[in-house]
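> Would you mind keeping the following structure in view while I ask a few things?
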Amino acid sequence: MPAPITLASLTVARSDFGRMQSLYGVLHASDRYRLLLAAGAGHHDERLGRTLSDVERSGLPLDCVLPAVDGGAAAQSAAVLAGVAEWLERRRPDALLILGDRYEMLAGAQAAMLARVPVIHIGGGHLTLGAMDERVRHALSKLGALHLVASPGCGARVMALHEDPAAIHVIGAPELDALVSTPVTAREAFCAEVGLDPARAFLLVTLHPETNVDDAANARFAQAAEQALATAAPQILITAPCADPGNAPFLALCERLPHRREGVRYFPNLGLRRYVAALHHAAAMVGNSSSGIIEAATAGLPVLNIGDRQAGRDRAGNVLDCPFDAAAIADALDTALSPAFLASSRGVTNPYGDGRFAAQALSLFDRLSWPLAVDKPWLG
């Protein structure tokens with residue numbers, strides 16, 4: 001039997017790990033592939049739930065724990081670059097799987113470029129005009145040897161970066177796999193677990209900073225959101241922001257809101273099972289998470305998308321957009337909670353696929369000629 005193909009992958013936060021678990025699982029179960037994971041950066045953050053423990057408990061092959069570092073984005077990126085560079089030189093995998101658009105991922109891809117390890121980039125071609133993720137994502141696409149994209153529109157945008165059309169494969173969004181395969185906890189049991197009244201509606205809230213603005217703007221955005229949420233009628237289940245620069249006022253909002261009004265429960269990290277249940281049982285999602293654009297459509301959940309973080313991203317008809325203004329948020333929330341909008345949201349088609357990403361990725365990998373080429377001679 002030939003030696004297994006070694007696929008390494010970097011995980012830096014709860015968001016990317018949850019989205020990749022389905023693919024990780026099928027690769028780990030396959031005799032043809034050897035999966036190796038490196039974890040660090042935001043996974044160490046105690047205020048965000050120290051999600052490194054989720055990776056450790058997953059049963060997946062955690063081969064390298066990158067050191068926790070103090071400091072901001074630059075310090076985190078430097079630690080990832082140094083740690084992943086050493087790891088790749090030591091392990092010499094056949095490719096490095098990189099998801100999405102976080103700045104730490106860019107450091108990992110840079111390490112792979114220097115080590116001449118091909119990068120398989122997952123999730124290129126999205127537009128998120130209100131975040132620096134927009135630039136990071138396209139930079140990652142330029143470092144990629146192979147592109148697994150979520151939609152035809154995403155594929156067209158990667159091709160517009162002068163990437164080889166033969167290297168671009170439209171196979172859907174990885175986050176949908178977990179949504180369609182995870183059993184949904186019954187409403188009563190779920191509400192008891194998170195401390196909500198099952199007889200009352202609740203909002204699922206996640207707010208992240210906009211990373212193309214300054215700290216003062218993010219503070220104003222958090223204040224407007226808190227003002228609207230403090231007077232909203234439904235209960236609130238709120239989760240922590242990501243580890244992006246500018247997240248401090250949103251993290252403070254999460255920690256303060258449960259003391260400001262009744263019916264608010266804060267969980268830094270719900271975990272996959274509880275998050276899937278929340279998507280199915282919430283009356284609406286509120287915030288600016290990519291989950292509201294990508295996953296909520298599959299659950300038929302109304303979404304109030306606030307601000308510009310997700311501006312430009314393709315979305316289904318279950319999404320309403322409004323600015324970071326307390327009155328505008330309150331008015332749009334009334335629309336999102338209306339019976340008519342709920343009914344229309346139930347029937348939308350998700351533009352990002354049907355939850356078969358992992359199976360299609362594995363089929364693609366099986367058809368590839370290994371090793372992948374590191375250099376990119378196509379000049380179309």
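Bear in mind these aren't lab numbers, they're just calculated from the coordinates by the rules spelled out. Since the structure is predicted, the reported quantities are computational estimates derived from the model, not experimental observations. Cβ coordinates were reconstructed from backbone atoms using ideal geometry, including for glycine residues, and neighbour counts include every protein chain displayed.
> Measure off 7 Å from each Cα along the Cα-to-Cβ vector at E56 and R116, then give the distance between these two points in nanometres to one decimal.
Result for the modelled spin labels: 3.7 nm.
> Counting only the backbone N, which residues of the range 110-152 are under 20 Å from the spot 7 Å out from the Cα of R92 toward its beta-carbon?
Zone members listed by number: 111-120.
> Then there's this: Could you work out the relative contact order of the range 184-346, using alpha carbon pairs under 8 angstrom and six or more residues apart, expressed as a whole percent? Kindly include the intermediate steps, with their values, before the conclusion.
Values: 282 pairs, mean separation 39.1, N = 163.
Worked out over the range 184-346, it gives 24 percent.
> If you rank V119, V213, V374 by fewest surrounding Cβ atoms within 10 Å, what's the result?
On the way: V119 26, V213 18, V374 14.
Final ranking by Cβ density, sparse to dense: V374, V213, V119.
> Sorted by packing (mean other beta-carbon atoms within 10 Å per residue), highest first, where do 97-109, 359-371, 135-147 land? Mind dumping the intermediate values first?
Details: 97-109: 25.8, 359-371: 13.8, 135-147: 21.3.
My ranking of the peptides, most packed first, is 97-109, 135-147, 359-371.
> Which value in Å does the Kirkwood hydrodynamic radius of the range 184-346 take, with 1/r averaged over all unlike C-alpha pairs and then inverted? All intermediate terms of the calculation are to be shown ahead of the outcome.
Details: mean 1/r = 0.0641 Å⁻¹.
One decimal place: 15.6 Å for the Kirkwood radius.
> Another question about this same structure. Hey, how much of the P(r) for the range 150-213 falls beyond 12 Å, as a percent of Cα pairs? All intermediate terms of the calculation are to be shown ahead of the outcome.
Numbers: 1607 of 2016 pairs.
Looking at the range 150-213, the distances longer than 12 Å represent 80 percent of pairs.
> Hey, another quick one. Just how far, in whole angstrom, is the range 1-74 from the range 107-135 if you go by their alpha carbon centroids?
So the two Cα centres are separated by 17 Å.
> Now a separate question. Would you please give the FRET efficiency between A199 and A327, computed as 1/(1 + (r/R0)^6) with r the Cβ-Cβ distance and R0 = 22 Å, to the nearest 0.05? Could the numbers behind the result be given before it?
Details: r = 29 Å, r/R0 = 1.32.
Result of the calculation: an efficiency of 0.15.
> Another question about this same structure. Suppose a student asked you for the relative contact order of the chain, using Cα pairs under 8 Å spaced at least 6 residues apart; what percent would you report? Numbers along the way, then the final one.
Values: 771 pairs, mean separation 64.3, N = 380.
Rounded, it is 17 percent for the chain.
> Continuing with the same structure: Given that compact globular proteins tend to follow 2.2 N^0.38 Å, what is the ratio of the alpha-carbon Rg of the range 135-260 to that value?
Numbers: Rg = 19.6 Å, N = 126, 2.2 N^0.38 = 13.8 Å.
Computed over Cα atoms of the range 135-260, the ratio equals 1.42.
> Starting from 0.36 nm per residue, how many nanometres of slack lie between A192 and H259 once their C-alpha separation is accounted for? Walk me through the intermediate numbers first.
Details: separation 67, 0.36 × 67 = 24.12 nm, distance 1.97 nm.
Extending this stretch completely gives an extra 22.2 nm.
> Ok, one more. For A156 and S363, calculate 0.36 nm times their separation in residues minus their Cα-Cα distance, and state this gained length in nm to one decimal. Each step should come with its number before you reach the end.
Working: separation 207, 0.36 × 207 = 74.52 nm, distance 2.20 nm.
Computed gain between A156 and S363 is 72.3 nm.
> Rank-order 263-272, 171-180 by packing density, defined as the average count of other C-beta atoms within 10 Å over each peptide's residues, highest first. Don't skip to the answer; put the middle values down first.
Working: 263-272: 18.3, 171-180: 23.6.
Going by the mean number of other Cβ atoms within 10 Å, highest first, we get 171-180, 263-272.
> Can you give the calculated 222 nm mean residue ellipticity of the chain, where each DSSP H run of n ≥ 4 adds -39,500 (n - 2.57) and the sum is split over every residue, rounded to the nearest 500 deg cm²/dmol? Intermediate results must be reported in sequence, preceding the final value.
Details: 16 runs with 168 residues, N = 380.
When only DSSP H runs of four or more count, the value is -13000 deg cm²/dmol.
> Using the count of nearby Cβ atoms within 10 Å as a rough guide to exposure, how do H162, H44 rank from fewest to most? Don't skip to the end; give the middle numbers.
Numbers: H162 12, H44 20.
If I rank by nearby Cβ atoms, fewest first, I get H162, H44.
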